[in-house]
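**Student:** Mind looking over this structure? Questions follow.
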Amino acid sequence: MKLQLIALLFILCSISTDTFANGGNDKNSLGARAAAMGGSAVATTGLYSLFSNQAGLAQLDGVHAGIYAENRFLMSELSMYAFGAAIPTKSGTFGLGGVYFGNSLYNERNIKLTYGRKLFKNFRIGAEFDIAGISISEYGSKTAITFGLGLQYDISPDVTIGAQIYNPLRVQLTDLDDDLLPTLITVGASYRPTEKITLLAEAEKNMAHTASFKGGIEYQVVKALYLRAGYSSAPSQTTFGVGVNLKAVKIDLAGSFHPVLGYSPHISIYYGKGR
């Protein structure tokens, strides 16, 4: 029975993300703001750039820390939890993040050290170093080390483009040829046609699967309230959410809907003064 449950969890995760490593080691953008906009985040800035494009950390001007939780398809066995913190210095912004996905039978973990730096006024670079692990009950655990590189460029005050590559050396978790951490290339852009509207679009290519296209919109209703919606392909999901900014405390809620597997709720809470 235990082996059947492990197999079921693995299959469900594979269907939901279209990647090999499916929970803590996948590169679905974390944070409920990104989740509400189809997972688009490579061209955005802020604390959760820890998980999408570390170049965005360079825009922070104060200490930020936050937590994130996701309950995939309302199944407790498919819950994900993450934390992150970032500290700006004169030499750039340093960050620490962690992700846990699964339960005692099957789980994935990821600890990441991140760095973002502004090279020029409109150009930022970033890097992440990851310790990724997977554990399967009665089969043991495996750990691997990999990295990612990212950049962002502000074409104008209202348009930003971003790109990131993750696991470019195609690091393996085990000795099996197909047992790889995902190698991903992501490119995207953000556009603010007005002060109240932000549009996001990006394409993500997993070297082992078909490309995924993501897009989203954010509308600032009033100073402290944001409404969001989005869509992603491969897997096909519609998304929506709301954000509330209470001065230094920000709370984001999101929901994503898979046509076969159903609904997944997301929540982020973080603290940070300034950007």
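The values are calculated or read from the model by the stated rules, or taken from the named source; none is laboratory data. Remember, it's a predicted structure, so these values are computed and weren't measured experimentally. Reconstructed Cβ throughout: ideal geometry from the backbone, glycine too, with neighbour counts over all protein chains shown.
**Student:** Counting just the residues of segment 143-167 that are of a type in the set (Gly, Ala, Ser) and buried (at least 22 other Cβ atoms within 10 Å of the Cβ), which one comes out nearest to Val187 (Cα to Cα)?
**Tutor:** Result: Gly162.
**Student:** If you don't mind, there's one more thing I want to ask. Could you tell me whether any residue of segment 185-204 is closer than 26 Å to Thr93 by Cα, of a type in the set (S, T, N, Q) and without any contact (Cβ under 8 Å) to a residue 60 or more places away in the chain?
**Tutor:** Yes - at least one qualifying residue is present in segment 185-204.
**Student:** Need pairs with beta-carbon distance below 7 Å; first residue among the basic types (Lys, Arg) and within segment 228-239, second crowded, with 22+ Cβ neighbours inside 10 Å and part of a strand (DSSP E or B); sequence gap 6+ or separate chains.
**Tutor:** Arg228/Gly216; Arg228/Glu218; Arg228/Gly241
**Student:** Pick out the one residue from Gly243, Gly272 that is in contact with a His (Cβ under 6 Å, 6 or more places away or on another chain), within 22 Å of Asp61 (Cα to Cα) and in contact (Cβ under 8 Å) with a residue 24 or more places away in the chain.
**Tutor:** Gly272
**Student:** Name the residue that is surrounded by the fewest Cβ atoms within 10 Å (Cβ to Cβ), counting only residues in segment 29-68 that are of a type in the set (Phe, Trp, Tyr) and within 9 Å of the chain's Cα centre (by Cα).
**Tutor:** So the residue we want is Phe51.
**Student:** What is the residue count in segment 206-234 for residues that are in contact with a Leu (Cβ under 8 Å, 6 or more places away or on another chain) and of a type in the set (A, V, I, L, M, F, W, C)?
**Tutor:** So the count comes out to 5.
**Student:** If you take the residues in segment 184-197 that are among the hydroxyl-bearing types (Ser, Thr, Tyr) and crowded, with 21+ Cβ neighbours inside 10 Å, which one is farthest from the chain's Cα centre (by Cα)?
**Tutor:** For segment 184-197, the residue satisfying everything is Ser190.
**Student:** Do we find a residue being farther than 16 Å from Gln54 by Cα and not in a strand (DSSP E or B) anywhere in segment 200-208?
**Tutor:** Yes, that holds for at least one residue.
**Student:** Surrounded by 16 or more Cβ atoms within 10 Å (Cβ to Cβ), closer than 25 Å to Lys205 by Cβ and at pLDDT below 95: does that describe Ala82?
**Tutor:** So Ala82 does not fit the description; no.
**Student:** Within segment 69-83, restricting attention to residues that are without any contact (Cβ under 8 Å) to a residue 40 or more places away in the chain and outside any helix (DSSP H, G or I), which residue is farthest from the chain's Cα centre (by Cα)?
**Tutor:** Ser79
For every residue, the table says whether it meets (1) under 25 Å from Phe257 (Cα atoms); (2) of a type outside the set (A, V, I, L, M); (3) touching a residue at least 40 places away in the same chain (Cβ under 8 Å); (4) part of a helix (DSSP H, G or I).
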| site | (1), (2), (3), (4) |
| --- | --- |
| Leu30 | yes, no, yes, no |
| Gly39 | yes, yes, yes, no |
| Ala43 | yes, no, yes, no |
| Phe51 | yes, yes, yes, yes |
| Ala55 | no, no, yes, yes |
| Ala58 | no, no, yes, yes |
| Gly62 | no, yes, yes, no |
| Gly66 | yes, yes, yes, no |
